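Taking it in order: structure first as C-alpha cells, then the write-up.
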Amino acid sequence: AQTVTQSQPEMSVQEAETVTLSCTYDTSESDYYLFWYKQPPSRQMILVIRQEAYKQQNATENRFSVNFQKAAKSFSLKISDSQLGDAAMYFCAYRSGALQETSGSRLTFGEGTQLTVNP
Amino acid sequence: GAVVSQHPSRVICKSGTSVKIECRSLDFQATTMFWYRQFPKQSLMLMATSNEGSKATYEQGVEKDKFLINHASLTLSTLTVTSAHPEDSSFYICSARSILGRETQYFGPGTRLLVL
C-alpha cells in the first residue's frame, strides 16, 4: 500500500519570504500522480498543484512550485513571496495511475502541515 | 469550473436520528465520488468510493449499514448517517472525479455534523 508522510506538523514563514513544505511517499508503482491541497480555516480543500510522475519537469503555478525527486520519492512544495492568505493546512496526496475505476482513483493523504504566515 | 457543493453545510441532530448529506457536481459529470471524514487537526480519512449506478466500496472499518451511500446520477451522491450517535460527530467531505479530467478530485466545502 502507498503511504504519504509529511514530517513537519507545523511551519511558519514571514510574509514575503519563501517556505518549503516536505513530503515523502512510498510506492512500488511507476505511474502515479502527486498533489498538494490547501485547507484554509473555511475547511474547503483547494487544489494547489499537481505533478504527473512521468513528467521530469517540476510543476509550477504562479508562486507555488514543487521539487519532485522521483528516485528519492520526495515531493516538496515551495511557496514564494508568502502572503497572509497562504496560511492554511497543506496536505500532500498520492494517486495511483492505474486504470481501476475504484481503487485506482483514491487519494492517499499525508498528515498535513499547518502553515502560519507572520506579518 | 469544477465546482462541488454539499448540503447542508452544518447540521445538529439528536442521537438516534438519521441525517442525509448531499454532494453535487455543479458543472461537470462525475463518474466517481468519494466520501471522507475529518477530525479536528487531522487528515482526511476515506470512508467510501461510489460509482454512478453501482454499490459503494467501503474502506475497512467503515460500517456500510451505518453510512449509506447512494450515487443515483452523474451529478449527485448522498451519504446517510443512520441512527446517529455522538461519536459520529465529525466533518464530512465529499469529492468528485470528472468523467473527463480523471486525474484530479474536486472537493465540496464539507458538512459539519454534531450529534447531541
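The values are calculated or read from the model by the stated rules, or taken from the named source; none is laboratory data. A quick note: this is a predicted structure, and the numbers were derived from the prediction, not measured. All Cβ positions, glycine included, derive from the backbone under ideal geometry; neighbour counts span all protein chains shown. Ligands, DNA and RNA are stripped out before the accessible areas are found, and what is left, the full protein with its side chains, is counted by its heavy atoms. Shrake-Rupley method; radii C 1.70, N 1.55, O 1.52, S 1.80 Å.
So, A:F68, is that one under 19 Å from B:W35 (Cα atoms) and open to solvent by less than 70 Å² (accessible area, probe 1.4 Å) or not?
The answer is no for A:F68.
Of all residues in the stretch A:4-55, how many are within 12 Å of chain B (Cβ to nearest Cβ), open to solvent by 40 Å² or more (accessible area, probe 1.4 Å) and either within 13 Å of A:I79 (Cβ to Cβ) or in contact (Cβ under 8 Å) with a residue 60 or more places away in the chain (or both)?
Selection size over the stretch A:4-55: 4.
If we keep just the residues of the stretch A:78-95 that are within 15 Å of A:Y33 (Cβ to Cβ) and open to solvent by less than 10 Å² (accessible area, probe 1.4 Å), which is farthest from the other protein chains (Cβ to nearest Cβ)?
Filtering the stretch A:78-95 for residues that are within 15 Å of A:Y33 (Cβ to Cβ) and open to solvent by less than 10 Å² (accessible area, probe 1.4 Å), the one farthest from the other protein chains (Cβ to nearest Cβ) comes out as A:Y94.
Considering only residues of the stretch B:19-44 that are hydroxyl-bearing (S, T, Y) and open to solvent by 10 Å² or more (accessible area, probe 1.4 Å), which is farthest from the other protein chains (Cβ to nearest Cβ)?
B:T31
Please verify whether A:S80 is out of contact with any strand residue (DSSP E or B) (no Cβ under 7 Å at 6 or more places or on another chain), in contact (Cβ under 8 Å) with a residue 40 or more places away in the chain and of a type in the set (S, T, N, Q), treating the condition exactly as stated.
Taking the combined requirement at face value, the residue satisfies it.
Between A:N58, A:N62, which is out of contact with any Ser or Thr (no Cβ under 8 Å at 6 or more places or on another chain), more than 11 Å from chain B (Cβ to nearest Cβ), without any contact (Cβ under 8 Å) to a residue 40 or more places away in the chain and open to solvent by 20 Å² or more (accessible area, probe 1.4 Å)?
A:N62
Give the stretch B:74-101 a look and list any residue that's crowded, with 16+ Cβ neighbours inside 10 Å and within 19 Å of A:Y37 (Cβ to Cβ), or say none.
B:S90, B:F91, B:Y92, B:I93, B:C94, B:S95, B:A96, B:R97, B:S98
Name the pairs whose Cβ atoms lie under 8 Å apart, with the first residue in the stretch B:45-58 and more than 9 Å from chain A (Cβ to nearest Cβ) and within 11 Å of B:N70 (Cα to Cα), the second open to solvent by 50 Å² or more (accessible area, probe 1.4 Å) and among the small types (G, A, S), and 6 or more positions between them or separate chains?
If the second residue must be open to solvent by 50 Å² or more (accessible area, probe 1.4 Å) and among the small types (G, A, S), the pairs left are B:E52/B:A72; B:G53/B:A72.
Any idea which residue in the stretch B:48-77 is nearest to A:R106 (Cα to Cα), counting only those that are basic (K, R) and at pLDDT 90 or above?
B:K64
Counting just the residues of the stretch B:36-68 that are part of a strand (DSSP E or B) and among the β-branched types (V, I, T), which one comes out farthest from B:I21 (Cα to Cα)?
B:T57
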